[in-house]
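What follows is a set of notes on a single structure, which appears directly below.
The values are calculated or read from the model by the stated rules, or taken from the named source; none is laboratory data. Values in this document were obtained by computation on a predicted structure and should not be read as measured data. No Cβ is skipped: glycine too gets one built from the backbone with ideal geometry, and neighbour counts run over all protein chains shown. Accessible surface is based on the protein model in full, side chains and every heavy atom, while ligands, DNA and RNA are left aside. Shrake-Rupley method; radii C 1.70, N 1.55, O 1.52, S 1.80 Å.
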Amino acid sequence: MDKLLHVISHTDLDGVTAAAVAWHGHFPERSPVKVTLTGYGEVDALILETMKAGQDLLVVDLFCQRRETVDEMDRFYEGVASPVLFDHHKTTAEVFSNRKWAVVDVAHCAAKVYYLWLLERTPEGPVRDRLLGLERLVEIANDRDLWLGRYEESRHWQALITLCGPWSVFCRLVADGRAEMSPHELTLALDFIARQEERFRRALEQVERHGDDLALVPTGILDFGDASDFCGLILDRSENPPEMVAVCSRRVYGDWAVSLRSRQGLAARIVGLLKDGKKVRGGGHGDAAALYFPAHFSQSQIRDTLLSGIRTARDQERPVGLTLGDLLRAKMEGK
């Protein structure tokens, strides 16, 4: 218990909520607690640095992008008594759910996966009371991340993250973990959503539609945090929705973040097909995932790569050759 605890989590509502759960579950009993909110491009280096420093690791809502990092964790945490990684993404569950150092459950968002695990192991007392006070917040994050649409507050909280940044919202949840917003917080969130709707109107006019396969949103139109709501608008409220929506964003250092949304698990399949762990990285779950392309890629190259991935995914779903059922049907039709 004398080691520094390093909590590594994502920058969306799920990740920020997970980090807040970790903070309330361990502070002040394990003070100081180190918290890093980051993305898929940096998680491998942070994990390796934490292990090298001899610190206790807790990763929530993220997973390694390089096979070498997974191999190192296998060696470092061989025979581990308690897991150090909590995730919910389909791409993680398909390959790494059998690791003793990982808890993966696609039925919940990562914050809820960790929350339920931690609550089950926390005895009666002040820590458990703090965790119970976060229950509503965790459910709101779960609603947002799994696109359940049950709680209007889930969009309000995501609006605050987009407006203020993940660290500001994390600080708020450390100071006050209640899910109820103050009147001022709610006013700002609703004002942001109104302006967001105007961005959505402009974005709809500039979407590049590629048949029934893909709707591509060029960079520079939407803000960070807009992707889920805008993609939901296209996928759920348009007359002829595409198989997938991609939102391109060129980041400060020139590389690309491409948010992918779908409705039949296509987003995760595309990530699995296209990421190579070196140049192109990515992660996510069935219908909400992301790819990260190097700076030298052009937007047209990203578009062509995504379309190629969609074609490959479609080809993989087609049956190969004739089946016994095909032969029987043909024979019956011949009669």
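Need one number: nm distance between label points at ASN98 and SER31, each 7 Å from Cα along Cα→Cβ, rounded to one decimal.
4.4
Given Cα positions, please report Rg to Rh for segment 33-138, the hydrodynamic radius being the Kirkwood one. Don't skip to the answer; put the middle values down first.
Working: Rg = 14.2 Å, Rh = 14.7 Å.
Radius of gyration relative to Kirkwood radius: 0.97.
Output ³J(HN,Hα) for segment 56-70: one whole-Hz value per residue in order, computed from phi by the Karplus curve 6.51 cos²θ - 1.76 cosθ + 1.60 with θ = phi - 60°, and x for Gly and Pro.
Per-residue couplings from phi come out as 6, 9, 9, 10, 10, 6, 9, 8, 4, 9, 10, 5, 4, 5, 4 Hz.
As an exercise, identify the GluC sites (Glu not before Pro) in segment 92-167 lying in DSSP coil whose Cβ has no more than 11 other Cβ atoms within 10 Å. Present the calculation step by step, with values, prior to reporting the outcome.
Numbers: sites: GLU94, GLU120, GLU124, GLU135, GLU139, GLU152, GLU153; in loops: GLU124, GLU152.
Of the GluC sites (Glu not before Pro), the ones in loops of segment 92-167 whose Cβ has at most 11 other Cβ atoms within 10 Å are GLU124, GLU152.
Filter the trypsin sites (Lys or Arg not before Pro) in segment 151-198 down to the DSSP loop ones having no more than 12 other Cβ atoms within 10 Å, then list what survives. Display every interim value, and only then the final one.
Details: sites: ARG155, ARG172, ARG178, ARG195; in loops: ARG178.
Answer by residue number: ARG178.
Percent of accessible area on segment 32-105 owned by carbon and sulfur, 1.4 Å probe?
Numbers: 1580 of 3230 Å².
Looking at segment 32-105 in its full context, I get 49 percent from C and S.
For q = 0.24, 0.27, 0.32 Å⁻¹, what log10 I(q)/I(0) does segment 106-146 give under the Debye formula with an equal point scatterer on each alpha carbon and no solvent?
Ignoring solvent entirely, the Cα scatterers give -0.76, -0.89, -1.08.
Gain in length, GLU135 to LEU190, computed as 0.36 nm per residue apart minus the alpha-carbon separation, to one decimal in nm? Mind dumping the intermediate values first?
Details: separation 55, 0.36 × 55 = 19.80 nm, distance 2.34 nm.
Roughly 17.5 nm would be gained on extension.
For the chain, with a Gaussian network of springs between Cα atoms less than 10 Å apart, report the residue from LEU46, LEU188, LEU57 with the top mean-square fluctuation.
In the Gaussian network model the winner is LEU188.
Using only the alpha carbons of the chain, what is the convex hull's orientation-averaged projected area in square nanometres? Don't jump to the answer; show the numbers that get you there.
On the way: hull surface 83.9 nm².
Averaged projected hull area, Cα only: 21.0 nm².
With +1 on the Cβ of every Lys and Arg and -1 on the Cβ of every Asp and Glu, and nothing else charged, how large is the dipole of segment 92-219 about its Cα centre, in debye rounded to the nearest 20?
Details: 17 positive and 21 negative charges, 70 e Å.
Magnitude of the dipole: close to 340 debye.
Which residue, SER154, PHE192, VAL174, has the largest displacement toward the positive end of the dipole of segment 126-208 when charges sit on each Cβ (Lys, Arg +1; Asp, Glu -1)?
VAL174
By the gyration tensor of its Cα atoms, with a ≥ b ≥ c the square roots of the eigenvalues, what is the shape of segment 1-78: rounded for a/c under 1.5, prolate for a/b over b/c, or oblate?
Since a/c reaches 1.5 but b/c is at least a/b, the shape of segment 1-78 is classed as oblate.
From the helices alone, meaning DSSP H stretches of at least four residues, give me the mean residue ellipticity at 222 nm for the chain, per-run term -39500 (n - 2.57), in deg cm²/dmol to the nearest 500. All intermediate terms of the calculation are to be shown ahead of the outcome.
On the way: 14 runs with 169 residues, N = 335.
Dividing the helical sum by the residues of the chain leaves -15500 deg cm²/dmol.
Which one, HIS26, THR312, VAL207, projects farthest toward the positive side of the charge dipole computed for the chain from Cβ point charges (K/R +1, D/E -1)?
The Cα lying farthest towards the positive end belongs to THR312.
Probe of 1.4 angstrom, ligands and nucleic acids ignored: what's the accessible area per residue over segment 1-155, in square angstrom?
With the other protein chains kept in place, segment 1-155 gives 44 Å² per residue.
For a 26 Å ceiling on Cα separation, which of these pairs sit above it: LYS52/LYS278; LYS90/LYS278; LYS112/LYS279; LYS34/LYS100? Present the calculation step by step, with values, prior to reporting the outcome.
Values: LYS52/LYS278 22 Å; LYS90/LYS278 20 Å; LYS112/LYS279 32 Å; LYS34/LYS100 24 Å.
Among LYS52/LYS278; LYS90/LYS278; LYS112/LYS279; LYS34/LYS100, the Cα-Cα distance tops 26 Å for LYS112/LYS279.
Give me the number: length gained by fully extending ALA295 to LEU273, i.e. 0.36 nm times residue separation minus the C-alpha to C-alpha distance, one decimal in nm. Walk me through the numbers on the way to the answer.
Working: separation 22, 0.36 × 22 = 7.92 nm, distance 2.00 nm.
Residue separation times 0.36 nm, minus the Cα-Cα distance, leaves 5.9 nm.
List the chymotrypsin sites (Phe, Trp or Tyr not before Pro) within segment 102-206 that fall in a DSSP loop (any state other than H, G, I, E or B) and whose Cβ has at most 10 other Cβ atoms within 10 Å. Numbers along the way, then the final one.
Values: sites: TYR114, TYR115, TRP117, TRP147, TYR151, TRP157, TRP167, PHE170, PHE192, PHE200; in loops: TRP147, TYR151.
Hits after loop and neighbour filter: nothing returned.
When every alpha-carbon pair in segment 144-184 is counted, what percent end up more than 12 Å apart? Write out the running numbers ahead of the final one.
On the way: 518 of 820 pairs.
Tail fraction, whole percent: 63.
Work out the length of the dipole vector of segment 13-160 about its Cα centre, built from +1 on the beta-carbon of each Lys and Arg and -1 on the beta-carbon of each Asp and Glu, and round it to the nearest 20 debye. Don't jump to the answer; show the numbers that get you there.
Details: 17 positive and 24 negative charges, 22 e Å.
Dipole magnitude for segment 13-160 comes out near 100 debye.
Would you please calculate the Kirkwood hydrodynamic radius of segment 85-219 over all C-alpha pairs and express it in Å, rounded to one decimal? Write down the numbers at each step before the final one.
Working: mean 1/r = 0.0575 Å⁻¹.
Result for segment 85-219 stands at 17.4 Å.
At 0.36 nm per residue, and after removing the present C-alpha to C-alpha distance, how many nm does the segment from ASP236 to ARG199 gain when stretched out fully? Please list the in-between numbers first.
Numbers: separation 37, 0.36 × 37 = 13.32 nm, distance 1.79 nm.
That pair, ASP236 and ARG199, stretches by 11.5 nm at full extension.
Across segment 78-140, how large is the tail of the calculated P(r) beyond 17 Å, expressed as a percent of all Cα pairs? Working shown, then result.
Working: 890 of 1953 pairs.
That tail contains 46 percent of the Cα-Cα pairs.
Label-point separation (nm) for VAL174 and ASP74, each offset 7 Å from Cα along Cα-to-Cβ?
Distance between label points: 3.6 nm.
With +1 on each Lys and Arg Cβ and -1 on each Asp and Glu Cβ, how big is the dipole of the chain about its Cα centre, in debye rounded to the nearest 20? Working shown, then result.
Working: 42 positive and 50 negative charges, 145 e Å.
Computed about the Cα centre, the dipole is about 700 debye.
Just the number, please: percent antiparallel of the DSSP beta bridges in the chain, rounded to the nearest 5.
Of all bridge pairs located within the chain, approximately 50 percent are antiparallel.
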